[in-house]
Amino acid sequence: MIGTIDNRIAILILQHPQEQDRVLGTAKLVCSALAHATLTVGLSWRNLGHALKEPADAHEWGVLYLGSVPAAKAKDGPLIALDRKGVPLVDQNAARLGLKGIVALDGNWSQAKALWWRNPWLTKLRRFVVVPDGPSLYGDLRREARPDAVSTLEAVALALSTLEDDPTVRDRMLVPFRALLAEARAAGVRDSKRDRRRHFRP
């Protein structure tokens, strides 16, 4: 069992309603692992403060963007700041200055895109793309639309460890995720709706 991580950069997870009962979902694991993390379920919110349930300045927050970066720039990962056109910023350090929080969209690829388009205030946030250093730990337990897609927990863990310059953050967050996947494999469970696998309790 890991202790709660006292993260400096807050995390807000916007979860698509259809994702909340997936047995291998990771949003709740993120919130359990971090001292400063909020999970909000829904499709649309008026602004960042509405989703966060407290006042917040959009200029001080970023979002884990759904786009990708050119292969030539991917080597500059694992977290790359982009401009509004999806082009990596020249001054990556400046893009992180004063950053107080990161928004992550939780759901499959189409659900995450729906959240993005239904919440235009997200476009006001700083954009960051996570560049994974390997495939998701999900393996064959959950299919993803893109080969470079990872779980919400893996993306948040990589982003936080980079922003806080502490690789142990990622390692510690992956502990409960690995345990969840090991239990799922032992029980012969693949990703499904929770009520279809009542014997499995992540």
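Scanning region 4-19 for residues that are part of a strand (DSSP E or B) and in contact with a helix residue (DSSP H, G or I) (Cβ under 7 Å, 6 or more places away or on another chain) yields a total of 6. Within region 84-96, is there a residue that is touching a helix residue (DSSP H, G or I) at 6+ places or on another chain (Cβ under 8 Å), under 21 Å from W117 (Cα atoms) and either modelled with pLDDT of 95 or more or exposed (fewer than 15 other Cβ atoms within 10 Å of the Cβ) (or both)? Within region 84-96, one or more residues are touching a helix residue (DSSP H, G or I) at 6+ places or on another chain (Cβ under 8 Å), under 21 Å from W117 (Cα atoms) and either modelled with pLDDT of 95 or more or exposed (fewer than 15 other Cβ atoms within 10 Å of the Cβ) (or both). Scanning region 117-139 for residues that are modelled with pLDDT of 95 or more and assigned to a loop (DSSP other than H, G, I, E, B) turns up at least one hit.
Looking only at residues of region 23-39 that are crowded, with 20+ Cβ neighbours inside 10 Å and touching a strand residue (DSSP E or B) at 6+ places or on another chain (Cβ under 7 Å), we find that the one that is farthest from G188 (Cα to Cα) is A37. Taking the listed residues W109, W45, the one that is at pLDDT 95 or above and aromatic (F, W, Y) is W45, with no other qualifying. Among the residues of region 130-154, how many are of a type in the set (A, V, I, L, M) and under 15 Å from K28 (Cβ atoms)? The qualifying residues number 1. Just one of the numbered conditions (1) among the β-branched types (V, I, T); (2) modelled with pLDDT of 95 or more; (3) in contact with a Lys or Arg (Cβ under 9 Å, 6 or more places away or on another chain) is not true of V23: (2). Of all residues in region 11-33, those that are under 16 Å from L66 (Cβ atoms) have Cβ atoms under 8 Å from Cβ atoms of residues that are acidic (D, E) and outside any loop (DSSP other than H, G, I, E, B), 6 or more apart or on another chain, in I13/D106; L14/D106; Q15/D106; H16/D106; E19/D106. Every condition in (1) modelled with pLDDT under 95; (2) surrounded by 13 or more Cβ atoms within 10 Å (Cβ to Cβ); (3) within 15 Å of the chain's Cα centre (by Cα); (4) not in a helix (DSSP H, G or I) holds for V69 except the one numbered (3).
Considering only region 20-51, state which residues are part of a strand (DSSP E or B) and of a type in the set (A, V, I, L, M, F, W, C). Answer for region 20-51, where residues must be part of a strand (DSSP E or B) and of a type in the set (A, V, I, L, M, F, W, C): L34, A37, L39, V41. The single condition from (1) over 13 Å from the mean Cα position of the chain (by Cα); (2) surrounded by 20 or more Cβ atoms within 10 Å (Cβ to Cβ) that Q111 fails is (2).
Scanning region 138-166 for residues that are under 14 Å from the mean Cα position of the chain (by Cα) and surrounded by fewer than 16 Cβ atoms within 10 Å (Cβ to Cβ) gives a single hit, D148. Residues in region 46-65 include at least one that is surrounded by fewer than 18 Cβ atoms within 10 Å (Cβ to Cβ) and under 15 Å from L163 (Cβ atoms).
The values are calculated or read from the model by the stated rules, or taken from the named source; none is laboratory data. On a predicted model such as this, the values are computed, not experimentally measured, just so you know. We place every Cβ from the backbone using ideal geometry, glycine too, and count neighbours over all the protein chains shown.
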